[in-house]
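Q: The structure under discussion is supplied below as structure tokens; questions concerning it will follow.
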Amino acid sequence: MVNITSTNILDIVALALIALHFGVPLIYYIYLKRKWLNRPWNIGVDLNHTPRMTIIIPTYNEADFIEKKMDNIYKQDYPRDKLEIVVVDSASTDGTPEKVEEWHRKNPDIRLKLIREPVRRGKLYAVLNAINKVVNDTDIIVLTDADAFFQPDSLKHLAKYFKDESVGAVTASIKYMKDRNMIEDIYREFYNQVRIAESKKHSTPVHNGPLQAFKADIIRRVGLPDFPGADDSAFASYIAFAGYRAIQVDDVWVYEPYRGSTLRRKIRRAQHLTLSFLYTKKHAKKKGVYRRTIFEHIWYIEYYLHIVNPWLLLTATLLLVTSLIQGSLLAMIPLLLGATVLVTLRPAKTWILQQIYLIIAMIKNIWTRSETWSH
Ligand code: GDD
Ligand code: MN
């Protein structure tokens, strides 16, 4: 008797956790979609606004991409005298910096700086180093990856949002270059909608490293986070905590190829994200730049979704397995259902995998943070 009762309690707790795990993000998504996604931007945009832009490309062994990358910027529909490219290379061994110099000899009519770091200390170090060197002589700092490609009018459209006083950071929506992976697209579309809707409300805490931009005068005033593992999202969230809007927009796209081990990349990205949620707010308070806005609401729910919610699913699964071992037949239903959904429903699979990446990332952070963050 006692056994049956206790397994029943396990089952009930597990089912409640599962309901919470899927219910909260679902309700949040429906709320954003109904209330915010289709609203007009509360931002004064101006397509004739052409501030000076400094485009920083951090590189480590990017010989395959770097010339195409610079051609892509060169072809931007933007006044060339307002553009400057800064490549910050961390001791590449494949001739990346030489390719940059050679490219500039062929295309001398655009300003270009090459910063060569003698040793590799990671992307964060390189980017902060480059920003320090240029932030006093420009209006907008653009950060981008060597393997990310813009549309011809990307910079023009990015610039128009910075006309508005309230905007501090803008990031593009991401598309993948070879659209063979359907799951990747479903995943992207869902998140693009969430990020854009949050941006219409105030700001989104998740920004995309392949293309993000900041007002230089704000960086001069408040700086940027430099804790180990700080990256795209930490930069943007920090600016939002300083009281400015940090938005993802729906009319600027950046294209990224698939490459490298996807699993490693996804876990690395999840590590940067979880670190941002754990440390950016504290950092902003420590630096004395924190201001309370409605971004706080968005932050709380996204904090919950990234830091707390994944563990509910794991806990529920463990409870159900325990209960099954103890002979509960009820536990078999959600476990079988979960397994079926995992195999057949691809968006559900993507969701569950993302939860696993976040959990692995949080565990990995415990020891990675004490080492130098290489990337
Ligand atoms: N200078 C410098 N030094 N650049 C580096 C280093 C380094 O030690 N390590 C990587 N980079 C450069 C790469 O050459 C590339 O231009 C950019 O940083 C991003 O690296 P990728 O190898 O393309 O990584 P990704 O595709 O997984 O990047 C995504 O996730 C990262 C977070 O893990 C993007 O969103 C990145 O912007 C983001 O930082
Ligand atoms: Mn990349």
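The values are calculated or read from the model by the stated rules, or taken from the named source; none is laboratory data. None of these values were measured; they are calculated from a predicted model. Note that each Cβ is placed from the backbone with ideal geometry, even for glycine, and that neighbours are counted across all protein chains shown.
Q: Which of the residues spanning the stretch 241-268 are at pLDDT below 95 and either over 30 Å from ARG39 (Cα atoms) or small (Gly, Ala, Ser) (or both)?
A: Scanning the stretch 241-268 gives PRO257, TYR258, ARG259, GLY260, SER261, THR262, LEU263, ARG264, ARG265, LYS266, ILE267, ARG268.
Q: Another question, if that's okay. Out of THR96, THR50, report the one residue that is at pLDDT 95 or above and buried (at least 21 other Cβ atoms within 10 Å of the Cβ).
A: The match here is THR96.
Q: Could I ask something else about it? Does ALA197 meet the test of being touching a residue at least 60 places away in the same chain (Cβ under 8 Å), in a helix (DSSP H, G or I) and of a type in the set (A, V, I, L, M, F, W, C)?
A: Yes.
Q: Also, I was wondering about something else. Only residues that are within 16 Å of SER199 (Cβ to Cβ) and not in a helix (DSSP H, G or I): list them for the stretch 22-46, please.
A: Matches in the stretch 22-46: ASN38, ARG39, PRO40, TRP41, ASN42, ILE43, GLY44, VAL45.
Q: Being of a type in the set (Asp, Glu) and either buried (at least 21 other Cβ atoms within 10 Å of the Cβ) or within 16 Å of ligand 2 (Cβ to nearest atom) (or both) is the filter here; which residues of the stretch 67-93 pass it?
A: ASP89
Q: If I filter the stretch 145-153 for residues that are more than 17 Å from SER90 (Cβ to Cβ), more than 8 Å from ligand 1 (Cβ to nearest atom) and assigned to a strand (DSSP E or B), do I get at least one hit?
A: yes
Q: Something else: Search the stretch 207-233 for residues being touching an Asp or Glu at 6+ places or on another chain (Cβ under 7 Å) and farther than 19 Å from ASP164 by Cβ, and hand back the single one that is nearest to ligand 1 (Cβ to nearest atom).
A: GLY209
Q: A further question follows. Looking at the stretch 234-266 only, could you name the residues that are touching a residue at least 24 places away in the same chain (Cβ under 8 Å), within 9 Å of ligand 1 (Cβ to nearest atom) and either under 26 Å from PHE162 (Cβ atoms) or part of a helix (DSSP H, G or I) (or both)?
A: Residues satisfying the conditions are GLU256, LYS266.
Q: Another question, if that's okay. Kindly provide the set of residues from the stretch 271-294 that are more than 11 Å from TYR238 (Cα to Cα) and more than 9 Å from ligand 1 (Cβ to nearest atom), ordered by number.
A: THR274, LEU275, LEU278, LYS286, GLY288, ARG292, THR293, ILE294
Q: Looking at the stretch 337-349, is at least one residue surrounded by 14 or more Cβ atoms within 10 Å (Cβ to Cβ), among the aliphatic types (A, V, I, L, M) and under 17 Å from the mean Cα position of the chain (by Cα)?
A: no
Q: In the stretch 278-356, which helices (runs of 4 or more DSSP H) lie fully inside it and hold 1 or more residues that are modelled with pLDDT of 95 or more?
A: Those helices (runs of 4 or more DSSP H) span 295-303, 309-325.
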